[in-house]
Amino acid sequence: MSSTLYLVRHGDTEWRAENRYAGVSDIALTDAGRDQAERLGRWAAGERVDAVWASPLNRARATAAPAASALHRPILIDGGLTELDFGSAEGRTLAELPPADVEAFLADPVHGAFPGAEDPRKAVERGTAALRRAASRHRGERVLIVAHDTLLRLTLCGLLGIDPSRYRTVFPRVRACAVTELAVTAQSAALMSYNAPIS
């Protein structure tokens, strides 16, 4: 039996506007991000979503909160949905990093990950496991999952059999509060839509 997972990146933050790597840093939503979260809540209510899952980071939980409230559902927190730790890049822009580190990262974001960063392949494993937990717990249901840009792109690669070193080119970005729909069974995952705007 297939479960429908609606994958959503949290709303906008100040660091997102400045192109700073937030990673595991707990950055709050901006006013625009809170507005995006409210719109997501209305969308989720209209879609009759059955469950709401989120990363433990504040920006994801705050984005999920209006949907959980509208649906009268708890937010199910899963640490596997936490954003990638970017190590030396946390809180910095590419322009603020050593050029050699940037060059290595842009050439291959897995093997050239920033110094001190989490291994992206480990993030693929934990993110994929989290999505499979949600699908298994809510078989045949619709689940909203609020997480993070890089984690979601890496996890999509893992579920769809794409080399994770290609995540930046195959999935250039996940827009704030846009919806990516996956149909997930115990054996497979199918991408139904990517970055669809909510109305």
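Key figures
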item	result
Pairwise label distance in nanometres, residue 19 with residue 136, each label 7 Å out on the Cα-Cβ vector	4.0 nm
The chain: calculated mean residue ellipticity at 222 nm from DSSP helix runs of at least 4, using -39500 (n - 2.57)	-12000 deg cm²/dmol
Between 0 and 90°, nearest 10: helix 58-71 axis offset from the chain longest Cα axis	10 degrees
Estimated FRET transfer efficiency when R0 is 25 angstrom, pair residue 129-residue 28 (beta carbons, to 0.05)	0.35
Size of charge dipole - the chain - debye, nearest 20, with Cβ of Lys, Arg +1 and Asp, Glu -1, no other charges	740 debye
Residue (of 186, 21, 155) at the positive-pole extreme of the chain, dipole from beta-carbon charges	186
Protection proxy ranking, peptides 83-89, 57-63, 146-152, average beta carbon neighbours within 10 Å, highest first	146-152, 57-63, 83-89
Chain lengthening between residue 185 and residue 160 when straightened (0.36 nm per residue, less Cα-Cα)	7.8 nm
Centroid-to-centroid separation of segment 53-115 and segment 125-199 [C-alpha atoms, Å]	14 Å
Over segment 2-100, relative contact order from alpha-carbon pairs under 8 Å, at least 6 apart, %	32 percent
Carbon and sulfur %, accessible surface of segment 130-169 computed with the full protein complex present, 1.4 Å	38 percent
Sulfur and carbon atoms: percent of accessible area, segment 1-125 [1.4 Å]	50 percent
Contact order normalised by residue count of segment 36-89, Cα under 8 Å, 6+ apart, percent	41 percent
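The values are calculated or read from the model by the stated rules, or taken from the named source; none is laboratory data. Owing to the predicted nature of the structure, the values given are computational and were not obtained by experimental measurement. Cβ sites come from the backbone with ideal geometry, for glycine too, and all protein chains shown count toward neighbours. Heavy atoms of the whole protein, side chains included, go into the accessibility calculation; ligands, DNA and RNA do not. Shrake-Rupley method; radii C 1.70, N 1.55, O 1.52, S 1.80 Å.
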